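Q: Please find one structure pasted underneath; my questions will follow.
The values are calculated or read from the model by the stated rules, or taken from the named source; none is laboratory data. All values derive from a computational prediction rather than experimental measurement. Quick reminder, even Gly has a Cβ in these numbers, built from the backbone with ideal geometry, and neighbours come from all protein chains shown.
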Amino acid sequence: MNDGHRLSGPLPDPAADAGHPEGHPPRVGFFTDTSVCIGCKACEVACKEWNALPEDGLDLLGQSYDNTGALGASTWRHVAFVEQRAPAMGGAPVDLGMPGIGPPPRSGDGRARTVGEDAENRAEGNGDDDAGALRWLMSSDVCKHCTHAACLDVCPTGALFRTEFGTVVVQDDICNGCGYCVPACPYGVIDIRADNGGAFKCTMCYDRLGVGLEPACAKACPTDSIQFGPLDELRERADRRVAELRELGVDTARLYGEQPDDGVGGDGAFFLLLDEPEIYGLPPDPVVTTRDLPSMWRHAAVAALSVAAGIAASFVVTARRRR
Amino acid sequence: MRHGETPNVPEAATSATSGRSYYGRPILKQPAWKTPDAPLYLFLGGLAGASATTAAVADLTGRPGLARAGRYVAAAGATASVGTLVHDLGRPARFLHMLRVFKPTSPLSVGSWILAPFSAAATAAAVSAATGVLPRWGRTVGIAAGALGPAMCTYTAVLLADTAIPVWHESYRELPFAFAGSALASAGGAALLAAPPADHPPVRRLVVVGAALELAAVTRIERRKDITAEPYRKGRVRTLLTAGRVLTGVGAGLALVGRRNRALSALAGVSLLAGGLCTRFGIFEAGHESARDPKYVVRPQRDRLARQGGR
Amino acid sequence: MAECHPVGFQWVMEAKSRGAKVIHVDPRFTRTSAVADLHVPLRAGSDIAFLGGLVNYVLQNGLEFRDYLLAYTNAPAILREDFRDTEDLDGLFSGYDPDSRHYDVHTWMYDGAEEVTAAAGERDDTSVGTTHGGRRHREAARAETYGSGGAALTAKPSLDLTLEHERCVYQVLKRHFARYTPEVVEETCGIPVEQFLQVAQAITENSGRERTTAFCYSVGWTQHTVGVQYIRTAAILQTLLGNIGRPGGGILALRGHASIQGSTDIPTLFNILPGYIPMPHAHERLDLDTFVATDSAQAGFWGNMRSYVVSLLKAWWGDAATADNDFCFDYLPRLTGDHGTYQTVMNQLAGECRGYFLVGENPAVGSANAKLQRLGMANLDWLVVRDLQMIESATFWRDGPEIETGELRTEEIPTEVFFLPAAAHTEKDGSFTNTQRLLQWHHQAVEPPGDARSDLWFYYHLGRIIREKLAGSTDPRERPLLDLTWTYPTQGPLDEPDAEAVLREINGVGPDGALSAYTELKYDGSTACGCWIYCGVYAGEHNHAANRQPGHEQSWVAPGWAWAWPANRRILYNRASADPQGRPWSERKRYVWWDGEKAHWTGADVPDFEPTKPPDYEPPEGATAQDALSGTDPFIMQADGKAWLFAPSGLTDGPLPTHYEPAESPVANPLYAQQANPARQVYVDGRNRYHPSGGEPGSEVFPYVFTTYRLTEHHTAGGMSRSLPYLAELQPEFFCEVSPELAAERGLTHLGWATIVSARTAIEARVLVTERMKPLRLRRSDGGTRTIHQVGLPYHWGPNGLSTGDAANELLAVVLDPNVHIQESKAATCDIRPGRRPHGQALLDFVAHYRNRVPEAGEEWEEPS
Ligand SMILES: Nc1nc2c(c(=O)[nH]1)N[C@H]1C(S)=C(S)[C@@H](COP(=O)(O)OP(=O)(O)OC[C@H]3O[C@@H](n4cnc5c(=O)[nH]c(N)nc54)[C@H](O)[C@@H]3O)O[C@H]1N2
Ligand SMILES: Nc1nc2c(c(=O)[nH]1)N[C@H]1C(S)=C(S)[C@@H](COP(=O)(O)OP(=O)(O)OC[C@H]3O[C@@H](n4cnc5c(=O)[nH]c(N)nc54)[C@H](O)[C@@H]3O)O[C@H]1N2
Ligand code: SF4
Ligand code: SF4
Ligand code: SF4
Ligand code: SF4
Ligand code: SF4
Ligand SMILES: [Mo]
């Protein structure tokens, strides 16, 4: 475990690293191109249908058309909806953030508008005002199937494992609900299901891959916003797509989680975004916590020694006194 | 983001969006561990660990009274700590799956492999001490437990630090020492209550060392500049940590002044134990706080990117 | 389209990735707008002004596709001298009778067509003459018979190919649309001049020999009192630009329910028979000959109507149908007037309709003025509901809104309700006919649960039992039932009739088995065919609807995927994709062309033309049907083979589209004195109060426009989605969408409650404040601007199911398009205020209070203008 690469940094073949023999299938994943997502949520429904997940809440959230909220133990695909004004010329897009939702604007994002302001800010005429054209971003989030998956690393039971496809899957019959994977995930993906105490997340449809089917969500996606395939191919495709969009003047197009040398060694499910990751609820620069584990153990060891030393010292002094 | 990203993304975007998230929702999930189970687990583990080692050393340095007391505390602590762990599981019936594999990358796995033999040894030692059966064997396992004791005190620090929770992860250097110190102090406190006064002098020194270590480490954690330490300085967490600091301090003080006064020593013991508890609860709470507010995730990551000159 | 046809929308996205420019014209910023190149918000109900502006832009700048126009349209046709346009009569055409609120349409005919109207006496639809139209025509929504071709027309017009003649269609068109200037468009629609010009340029630059532009529409264009004229305007524009009958062109109706196209081809409508054959009217001495007379006399494929009708009668009454008994023509039911759904509701209220079958419909939520629907159903002897779910229309007598308000008391409702669970499409074999006229077969996946049965099962066994009961009866009026061919093989544990056997009957059979084309149909009774336009789907005794050849294994036209009517043709009128000489207009847009060598039409698709009729063919004297069409008449279902810029026949509310305001509008018609469609169908009933419109006194009581629509997450009246947890959780509650400005104006708060009020009733909804709703600024003639606020209401909700809420249809009054009886559910007026609505009697009082604020309520504004 002092071999850095096993805990962080680029890792060409996670499946092999996990001990899958030569000739295992190539690593597969998702390239989610949010620039063509139409927010139909077919992916959410297809996932729940295929995996027989329970309905988890009939609440109107007022987050644009998103009434799902976030990924969770019973929601393995989540489509985010962001309404904003993209400035006519450069500058940061203005998150319209559906007035009244979430905590009041924090310093630094005073740009989030409120109803009142809007009425005033609005320039006359029907043309899009200075604030720029209305943008409605939609993005289908999912488990990233990290190259270095913190959830898997910290799982004490081995319930979470690396499949021959390089994906990360929970074995429900082994999980004892210790909950360690939950705070370990830098993306806030995996969670414990209250009713049965086990941890759940996207399996990349392990059961479908096994029989040569593509994952249900990708299958259902009408616009190919969710593209499934060998990760290498997807990465090339993604690079071409970004170039294409830049050609068309979409300067804000950027890939997220595609690079093998990022904090988690690259995501098995990566994205093409049109704004900063956090706007979609994604961490801007996630790092797998176990990257620092060796150093943690070293500090703990020293601390442990100091316990021993402290105790010993307290007595040694006495011993001398006695003499 | 460093990678695959256009340099011509407007500079403004960074400042404008930093600290923001999707409708202000958390980016991380709340730790699934429950209170009081989890913080108690941290506390008891430390108490038991330090007590076991103390008992062992006391035994070797010919202080049977203190040794016996230490074994009792260690056994009780270990058992209770196992109890809280099992109770905190989503599926307690599968507790033994913890020992299905040994995973160095999982502090909980490593911890379980420490906790299991430790609690077995500690309990056996206590039983033998109590019943007087197999005294020699009893001493040996007692010493074995003592050997595992220090690890018991600090692996729980790694348990917290090895997560994506900013307050915990970012203080992975200090946490083990904070836990070590608080374990010593608590063990000392327990000893002041349970051990014969004759054996108190080493215990007092133990307490001072522990309290000093705990206070130093915790203070270092709180004072850390970057925003991820903010939760330590706010609201309930702040109250808990302050309480912990005061109680531990007072406890240590009483321990010193109360040399010949049983009552004062007892009071010192209680105060030290309470202090240890507050510290553990405080640190655990801080984790939840920093998972709740996305800015603790976004800001530091943004700053890191800025430092790396990603844009 | 992304909202409601997400799967079809993948092709729009594909086109976009290949460089197509996507423009979305919609009052709201929707999921479609999100991925479109340009979103053009406009005031609901103002599209004719917008499209008219485009037509005017084309004509004023001479951007039409001249060669196409001259050869393939009726632009050169000369109109009668006594025709008067809306230009002359300030919003009315000649022939309007204010008392009956109907048009006498004969002045709309081509010049020199009078003589032939003499034949009118023999015509089935006596009031009409050769020119379809007029009252009887409207009652029967005869326009729906044009689902596969235009109205009858016996006179070929005299032409002026220079288009100079001041009475030629081209010149009339030019004058008619002259006032639809960009400024007037901004005044009417709230579309800024610059944006309008942006669209105009995009469309015209993308049309012509080398390029084509397509229009996709659905009910945002149809659910208006001028719905048919909306589509007509688009048709005129596309015809001017030469975008009809060519690849990448067309006006694509994105239809609704999975087989709603099928349900008009083989109709569930009162006024047409399979294949758009009109339902005969009830009057003396109407025999088969007189019924088909006018049509047989005319040119084009409708000239063979007799063959279609006889084959249909043979399919239904088999051996009983013989030449001697007129092939049982008398067995066909006769029309006695309007039997559309809304008229039927009125008949229920009047106690004239006593029993009702509700099959696959949920009017208690889905139809305009939902209260009226429920009151009607509460006034029956019996009601049969066949549905997948316990829908509101099956439970209204127990827990409907009127029970709460005390308007109805369960124990006093005479209606006996029978609920018969229906099998879903996954539980039965069958075909869906989709938007593209594709018949697509679906195979049964599972047996229906419990007592659920397919509709085929239900009707077959119902018919079987009735026939068994009547067996041996000598009463002549039972003959039509007893003589029916009712022999379908059944299979499986449930005795399910074999759906393929039905398809084969629809396809038609002759002496040598399944027919392969409608051209094989005979009028002598030697062929039987259930629906002439579907003839060929079972050619060679093979179910072509089940064809599923993958795209990469065939040409881009994909003839191997399912089967398209007619004759597996993918683009109708595709003769127009070649020039008069039969050469492709351009290499880039080549599709179907004339192969001189082989003396045969050829190309990527099945030619929509007689394959061997040369481009230079000229009909001999006295030729009929298709033979009467020349080699340059691509529109073979039209009597003159031409695309109609001007409709001399077939419409009840004008030969040319004209902008009228919705029946309820906060705006006075900026173009004419005539406020709303004068021929629109209204129902005068206290429970169907209309709002004052335009500047009329009291119109300020309901100052806001509201429009109703769908969400991707739900389906229509909700029976199929509100009951499913996975869909319900995606849109868990009824909500309204308002702009931040309107929210500020009315004190509405995001996620708070709003009460929306009309003269019908009031409903409550959670509030979504969003900039996707945009206040529109209408330019005023005085130069200033006026802000119009629009409220968005998805109409999926009702009290039953997992996700519940008030139904938007409670707010709407029933007011219909005169041509096809569709309700105006896309534009009406309302008031909106913060907070929840009152319940029980308090609700009635609340609404009464609003009504009282409207001066001289009653007749005055129930029949405006
Ligand atoms: N998910 C889903 N898909 C469906 C259905 C469903 O219920 N749910 N229903 C199916 C059925 S039955 C049908 S008929 C189709 C209907 O498909 P659509 O016609 O697409 O459905 P709507 O949302 O009713 O109306 C479309 C748009 O018309 C806009 N609109 C309103 N008034 C006007 C106007 O005056 N001019 C213009 N240009 N636009 C206007 C509305 O804002 C709305 O966005 O969808 C079919 N597909
Ligand atoms: N305000 C407003 N009103 C509208 C519209 C609008 O845009 N705005 N749109 C109009 C349009 S376009 C339409 S199509 C109507 C739709 O309105 P409705 O047709 O009244 O509503 P649906 O929910 O589609 O009803 C279809 C029912 O058929 C049932 N069903 C499904 N499959 C089968 C089957 O195989 N057999 C049987 N027997 N039943 C089956 C379903 O459970 C469902 O309850 O609403 C119209 N009303
Ligand atoms: S995203 Fe989270 S849950 Fe998914 S693999 Fe990575 S760490 Fe595990
Ligand atoms: S909860 Fe289950 S999956 Fe998660 S770490 Fe614990 S055992 Fe592994
Ligand atoms: S891959 Fe399978 S499990 Fe994962 S989100 Fe898609 S459908 Fe759900
Ligand atoms: S990802 Fe695909 S399926 Fe999911 S919402 Fe977007 S378009 Fe629909
Ligand atoms: S629901 Fe069916 S018909 Fe409608 S878009 Fe989806 S697949 Fe097509
Ligand atoms: Mo529809």
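Q: Give me the residue from the range A:146-159 that is more than 8 Å from chain B (Cβ to nearest Cβ) and under 14 Å from residue A:18 (Cα atoms) and, out of that set, farthest from ligand 2 (Cβ to nearest atom). Give the derivation first.
A: As a first pass, look at the range A:146-159 and keep what is more than 8 Å from chain B (Cβ to nearest Cβ): A:146-149, A:151-152.
Then keep just the ones that are under 14 Å from residue A:18 (Cα atoms); that gives A:146-149, A:152.
Working: A:146: 43, A:147: 46, A:148: 49, A:149: 44, A:152: 44 Å.
Applying the filter and picking the extreme gives A:148.
Q: Across the range C:175-210, what is the total count of residues that are surrounded by fewer than 17 Cβ atoms within 10 Å (Cβ to Cβ), more than 14 Å from every other protein chain (Cβ to nearest Cβ) and among the charged types (D, E, K, R)?
A: Of the residues in that region, 3 qualify.
Q: Any residue at all in the range C:723-742 that's part of a helix (DSSP H, G or I) and more than 8 Å from chain A (Cβ to nearest Cβ)?
A: So in the range C:723-742, the residues part of a helix (DSSP H, G or I) come out as C:725-728, C:740-742.
If we keep only those that are more than 8 Å from chain A (Cβ to nearest Cβ) too, we end up with C:742.
Among the residues of the range C:723-742, at least one is part of a helix (DSSP H, G or I) and more than 8 Å from chain A (Cβ to nearest Cβ), which makes the answer yes.
Matching residues to (1) within 14 Å of chain A (Cβ to nearest Cβ); (2) away from ligand 2 (no atom under 16 Å from the Cβ); (3) out of contact with any helix residue (DSSP H, G or I) (no Cβ under 8 Å at 6 or more places or on another chain):
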| residue | (1), (2), (3) |
| --- | --- |
| C:400 | no, no, no |
| C:414 | no, yes, yes |
| C:417 | no, no, no |
| C:423 | no, no, no |
| C:426 | yes, no, yes |
| C:433 | no, no, no |
| C:439 | no, yes, no |
| C:444 | no, no, no |
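Q: For the range C:703-722, which residues satisfy the criterion of being away from ligand 8 (no atom under 16 Å from the Cβ), out of contact with any Pro (no Cβ under 8 Å at 6 or more places or on another chain) and assigned to a loop (DSSP other than H, G, I, E, B)? Steps first, answer last, please.
A: At the first step, the residues of the range C:703-722 found to be away from ligand 8 (no atom under 16 Å from the Cβ) are C:703-706, C:713, C:722.
Filter again for out of contact with any Pro (no Cβ under 8 Å at 6 or more places or on another chain), leaving C:706, C:713, C:722.
Scanning the range C:703-722 gives C:713, C:722.
Q: Go through the range A:16-75 and count every residue that is within 14 Å of ligand 5 (Cβ to nearest atom), of a type in the set (Val, Ile, Thr) and over 18 Å from the mean Cα position of the chain (by Cα).
A: 1
Q: With A:161, A:200 as the choices, which residue is touching a residue at least 60 places away in the same chain (Cβ under 8 Å), away from ligand 7 (no atom under 16 Å from the Cβ) and farther than 22 Å from residue A:70 by Cβ?
A: Values: A:200 fails: farther than 22 Å from residue A:70 by Cβ.
Selected residue: A:161, the only one of A:161, A:200 that is touching a residue at least 60 places away in the same chain (Cβ under 8 Å), away from ligand 7 (no atom under 16 Å from the Cβ) and farther than 22 Å from residue A:70 by Cβ.
Q: Still on this model: Residue A:291 passes all but one of (1) in a helix (DSSP H, G or I); (2) within 7 Å of another protein chain (Cβ to nearest Cβ); (3) under 20 Å from the mean Cα position of the chain (by Cα); which number fails?
A: (2)
Q: Still on this structure, I have one more. When both residues are 6+ apart or on different chains and their Cβ atoms are under 9 Å apart, which pairs have a first residue that lies in the range B:23-34 and is at the interface with chain A (Cβ under 7 Å from one of its Cβ atoms), and a second that is among the hydroxyl-bearing types (Ser, Thr, Tyr) and surrounded by fewer than 24 Cβ atoms within 10 Å (Cβ to Cβ)?
A: B:23/A:64
Q: What tally of residues in the range C:479-506 results from selecting those that are at pLDDT 95 or above, in a loop (DSSP other than H, G, I, E, B) and not hydrophobic (A, V, I, L, M, F, W, C)?
A: The qualifying residues number 6.
Q: Can you tell me which residue in the range C:514-542 is surrounded by the fewest Cβ atoms within 10 Å (Cβ to Cβ), limited to those that are polar (S, T, N, Q) and farther than 28 Å from residue C:247 by Cβ? Working first, answer last.
A: First, the residues of the range C:514-542 that are polar (S, T, N, Q): C:516, C:519, C:526-527.
Going one step further and asking which of them are farther than 28 Å from residue C:247 by Cβ, we end up with C:526-527.
Details: C:526: 13, C:527: 22.
Filtering the range C:514-542 for residues that are polar (S, T, N, Q) and farther than 28 Å from residue C:247 by Cβ, the one surrounded by the fewest Cβ atoms within 10 Å (Cβ to Cβ) comes out as C:526.
Q: Turning to a different aspect of this structure: Filter the range C:82-103 down to the residues that are among the acidic types (Asp, Glu) and out of contact with any Ser or Thr (no Cβ under 9 Å at 6 or more places or on another chain), then identify the one that is surrounded by the most Cβ atoms within 10 Å (Cβ to Cβ). Show your work before the answer.
A: Of the range C:82-103, the ones among the acidic types (Asp, Glu) are C:82, C:85, C:87-88, C:90, C:97, C:99.
Those still in the list that are out of contact with any Ser or Thr (no Cβ under 9 Å at 6 or more places or on another chain) too: C:87, C:90, C:97, C:99.
Numbers: C:87: 17, C:90: 11, C:97: 12, C:99: 5.
Taking the candidates together, the pick is C:87.
Q: How many residues does the range C:264-282 hold that are in a loop (DSSP other than H, G, I, E, B) and under 14 Å from the mean Cα position of the chain (by Cα)?
A: Initially, the range C:264-282 is screened for residues in a loop (DSSP other than H, G, I, E, B), giving C:266-271, C:279-280, C:282.
Restricting the remaining residues to those that are under 14 Å from the mean Cα position of the chain (by Cα) gives C:267-269, C:271.
Count: 4.
Q: To continue, here is another question. Show the residue pairs that are 6+ apart or on different chains and have beta-carbon atoms under 7 Å apart, the first residue being within the range C:508-533 and free of Cβ contacts under 8 Å to residues at least 24 places away in the same chain, the second being assigned to a strand (DSSP E or B) and surrounded by 19 or more Cβ atoms within 10 Å (Cβ to Cβ).
A: Correct list of pairs: C:509/C:528.
Q: Within the range C:397-419, identify whether any single residue is surrounded by fewer than 16 Cβ atoms within 10 Å (Cβ to Cβ), modelled with pLDDT of 95 or more and within 16 Å of ligand 7 (Cβ to nearest atom), and answer yes or no.
A: No, the range C:397-419 has no match at all.
Q: Hey, can you tell me all the residues within the range B:150-173 that are under 13 Å from the mean Cα position of the chain (by Cα) and more than 7 Å from chain A (Cβ to nearest Cβ)?
A: B:152, B:156, B:159, B:160, B:168, B:171
Q: Conditions: (1) facing another protein chain (nearest Cβ under 10 Å); (2) surrounded by fewer than 21 Cβ atoms within 10 Å (Cβ to Cβ); (3) in a loop (DSSP other than H, G, I, E, B). Residue C:748 meets all but one. Number of the miss?
A: Condition not satisfied by residue C:748: (2).
Q: From C:648, C:611, C:580, which residue is under 30 Å from residue C:185 (Cα atoms) and not charged (D, E, K, R)? First the steps, then the outcome.
A: Working: C:611 fails: under 30 Å from residue C:185 (Cα atoms); C:580 fails: under 30 Å from residue C:185 (Cα atoms).
Result of the check over C:648, C:611, C:580: C:648.
Q: Scan A:249, A:229 and give me the residue that is away from ligand 3 (no atom under 16 Å from the Cβ), touching a residue at least 60 places away in the same chain (Cβ under 8 Å) and either in a helix (DSSP H, G or I) or assigned by TED's automatic domain parsing to the domain that holds residue A:77 (or both). Write out each step before concluding.
A: Details: A:249 fails: touching a residue at least 60 places away in the same chain (Cβ under 8 Å).
Within the list A:249, A:229, the selection yields A:229.
Q: On to the next question. If I go through the range A:55-79 residue by residue, how many of them are away from ligand 4 (no atom under 16 Å from the Cβ) and either charged (D, E, K, R) or touching a residue at least 24 places away in the same chain (Cβ under 8 Å) (or both)? Break it down stepwise before answering.
A: Just the residues of the range A:55-79 that are away from ligand 4 (no atom under 16 Å from the Cβ), to begin with: A:55-70, A:75, A:77-79.
From what is left, the residues that are either charged (D, E, K, R) or touching a residue at least 24 places away in the same chain (Cβ under 8 Å) (or both) are A:55-56, A:59, A:61-66, A:68, A:70, A:75, A:77-79.
Within the range A:55-79, residues that are away from ligand 4 (no atom under 16 Å from the Cβ) and either charged (D, E, K, R) or touching a residue at least 24 places away in the same chain (Cβ under 8 Å) (or both) number 15.
Q: Taking residue A:188 as the residue in question, decide whether it is farther than 30 Å from residue A:85 by Cα and in a loop (DSSP other than H, G, I, E, B).
A: Judged against the criteria, residue A:188 is not a match.
Q: From A:165, A:161, which residue is outside any loop (DSSP other than H, G, I, E, B) and either surrounded by fewer than 24 Cβ atoms within 10 Å (Cβ to Cβ) or within 14 Å of ligand 5 (Cβ to nearest atom) (or both)? Outline the logic, then answer.
A: Working: A:165 fails: outside any loop (DSSP other than H, G, I, E, B).
Only one candidate qualifies: A:161.
Q: May I ask you to say which residue of A:283, A:260 is more than 7 Å from chain B (Cβ to nearest Cβ) and either assigned to a loop (DSSP other than H, G, I, E, B) or on the phi > 0 side of the Ramachandran plot (or both)? Working first, answer last.
A: Values: A:283 fails: more than 7 Å from chain B (Cβ to nearest Cβ).
A:260 is the lone residue from the list that is more than 7 Å from chain B (Cβ to nearest Cβ) and either assigned to a loop (DSSP other than H, G, I, E, B) or on the phi > 0 side of the Ramachandran plot (or both).
Q: Check off (1) more than 16 Å from ligand 2 (Cβ to nearest atom); (2) in a loop (DSSP other than H, G, I, E, B) for residue C:3 and give me the number that stays unchecked.
A: In the conditions (1) more than 16 Å from ligand 2 (Cβ to nearest atom); (2) in a loop (DSSP other than H, G, I, E, B), residue C:3 misses (1) alone.
Q: Pull up the range A:175-199, narrow it to residues that are within 10 Å of ligand 3 (Cβ to nearest atom) and more than 7 Å from chain B (Cβ to nearest Cβ), then point me to the one that is farthest from residue B:295 (Cα to Cα).
A: From the range A:175-199, those within 10 Å of ligand 3 (Cβ to nearest atom) are A:181-182, A:184-191, A:199; that's our starting set.
Retained after the next criterion (residues that are more than 7 Å from chain B (Cβ to nearest Cβ)): A:181, A:187, A:189-190, A:199.
Details: A:181: 22, A:187: 14, A:189: 18, A:190: 20, A:199: 26 Å.
Checking each candidate, the answer is A:199.
Q: Something else now. Looking only at residues in the range C:247-262 that are assigned to a loop (DSSP other than H, G, I, E, B) and small (Gly, Ala, Ser), which one is farthest from ligand 2 (Cβ to nearest atom)?
A: In the first step, residues of the range C:247-262 are kept if they are assigned to a loop (DSSP other than H, G, I, E, B); the result is C:247-250, C:254-261.
Next, only the ones that are small (Gly, Ala, Ser) stay: C:248-250, C:256, C:258-259.
Details: C:248: 27, C:249: 25, C:250: 21, C:256: 4, C:258: 8, C:259: 9 Å.
Once the filter is applied, the top-ranked residue is C:248.
Q: Something else now. Could you tell me whether residue B:111 is within 15 Å of residue B:79 (Cα to Cα), touching a helix residue (DSSP H, G or I) at 6+ places or on another chain (Cβ under 9 Å) and either modelled with pLDDT under 95 or not hydrophobic (A, V, I, L, M, F, W, C) (or both)?
A: Values: within 15 Å of residue B:79 (Cα to Cα): yes; touching a helix residue (DSSP H, G or I) at 6+ places or on another chain (Cβ under 9 Å): yes; either modelled with pLDDT under 95 or not hydrophobic (A, V, I, L, M, F, W, C) (or both): yes.
For residue B:111, the condition - within 15 Å of residue B:79 (Cα to Cα), touching a helix residue (DSSP H, G or I) at 6+ places or on another chain (Cβ under 9 Å) and either modelled with pLDDT under 95 or not hydrophobic (A, V, I, L, M, F, W, C) (or both) - is met.
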